[in-house]
Amino acid sequence: MKYIFILNPKAGAGGAEEKLRNEIAALPCSDQCEIYLTKAPLDATEYVKRTLAENHGEKFRFIACGGDGTINEVFSGAVGAESASVSCYACGSGNDFVKVFGGQEKFSDASKLISAPERKLDALKVGNRYSFNVTNFGFDTTVAITINKERAKSGHGNKNAYTKGVATALLTSMKNNCTVTADGEVLNSDGKALLCTVANGQYVGGSFKCAPRAKTDDGLMEVCLIKPISRIRFVKILTPYTNGEHLEREDMKDIITYRQAKTVSVSAPDGFAYSLDGEIIYENSFTIEMVPGALNFACPE
């Protein structure tokens with residue numbers, strides 16, 4: 001097997017390349033390893049696809065080195081490829097995906113990623129893209145859009161950008177126009193929502209356990225829609241939502257609609273945005289489909 005570490009040079013605070021090269025040099029199978037540095041957005045996806053096409057039948061393990069965005073790109077290139085497995089060396093600023101498997105520390109040792117056993121991993125297909133963690137929209141997407149704008153101005157994210165994002169969402173995104181349908185059932189007949197998460201993983205936004213019942217290999221996506229509420233009530237539910245207690249709370253049942261589904265359709269006015277594993281996409285009508293066993297995922301024990 002050949003092991004290819006696909007590194008986003010800008011991941012996290014940068015500086016991961018030297019550490020990674022030193023770890024790989026110490027591996028007994030270092031001659032079977034190589035590092036590929038990504039050059040542009042979506043480059044990792046095209047590189048994986050090209051490598052598999054040019055080496056048909058050979059076995060590869062592609063290891064995404066970065067955060068959730070890098071993981072999404074690398075994994076997307078290997079969907080449906082039985083001769084390939086994927087894993088991740090978590091060194092990004094956002095590492096939500098790996099939390100359901102034990103967290104960043106478990107995915108920060110190259111030797112363990114080389115020897116990790118494989119398991120199947122589901123994916124969510126959204127148009128011609130894939131989501132492996134969470135596709136969400138509403139309040140938290142507005143926060144993310146604001147953070148991205150601040151990052152574009154300064155060249156990096158910071159706590160002030162997050163605070164500004166939350167303030168912006170509290171002012172403009174407490175009632176979002178969209179209609180969500182899960183396996184043929186309309187979840188919000190009034191066409192309004194505070195937020196909605198469609199999840200394969202459990203965590204989003206760095207600390208929010210949005211889908212505590214999610215399993216990454218059960219062939220089902222977790223759909224959680226929260227109805228519009230007052231700002232005062234929003235503050236009250238923030239802690240249980242962060243801790244993943246919201247599906248069990250009696251005092252939140254009136255505002256939460258939760259389903260497991262295989263297909264989710266969303267329709268909204270022009271200019272609507274959703275977040276696909278952290279990437280902001282503007283689209284007013286889209287369908288999310290479950291793809292069971294889409295990948296061979298190498299997960300350290």
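The values are calculated or read from the model by the stated rules, or taken from the named source; none is laboratory data. On a predicted model such as this, the values are computed, not experimentally measured, just so you know. Cβ atoms come from the backbone with ideal geometry, glycine included; neighbour counts cover every protein chain shown. Areas reflect the complete protein model, heavy atoms only, side chains present, ligands, DNA and RNA absent. Shrake-Rupley method; radii C 1.70, N 1.55, O 1.52, S 1.80 Å.
Looking at segment 8-88, the helices (runs of 4 or more DSSP H) lying wholly inside it that each contain 2 or more residues that are open to solvent by 40 Å² or more (accessible area, probe 1.4 Å), in contact with a strand residue (DSSP E or B) (Cβ under 8 Å, 6 or more places away or on another chain) and free of Cβ contacts under 8 Å to residues at least 60 places away in the same chain sit at 16-25.
Summed over segment 92-107, residues that are open to solvent by 10 Å² or more (accessible area, probe 1.4 Å) and more than 15 Å from the chain's Cα centre (by Cα) total 3. Mind listing just one residue for me: the one in segment 235-267 that is open to solvent by less than 30 Å² (accessible area, probe 1.4 Å) and in a helix (DSSP H, G or I) and, of those, farthest from Gly219 (Cα to Cα)? This residue is Ile237. For Asp270, the requirement of being open to solvent by 40 Å² or more (accessible area, probe 1.4 Å), under 28 Å from Leu42 (Cβ atoms), part of a loop (DSSP other than H, G, I, E, B) and in contact (Cβ under 8 Å) with a residue 60 or more places away in the chain is not met. Within the span defined as segment 224-235, every residue fails to be at pLDDT 95 or above, of a type in the set (S, T, N, Q) and touching a Cys at 6+ places or on another chain (Cβ under 7 Å). Collect the residues in segment 167-181 that are at pLDDT below 95, under 16 Å from Phe272 (Cα atoms) and hydrophobic (A, V, I, L, M, F, W, C), keeping them in residue-number order. Across segment 167-181, the qualifying residue is only Ala169. Evaluated against (1) farther than 30 Å from Lys120 by Cβ; (2) open to solvent by less than 50 Å² (accessible area, probe 1.4 Å), Cys224 falls short on exactly one condition, (1).
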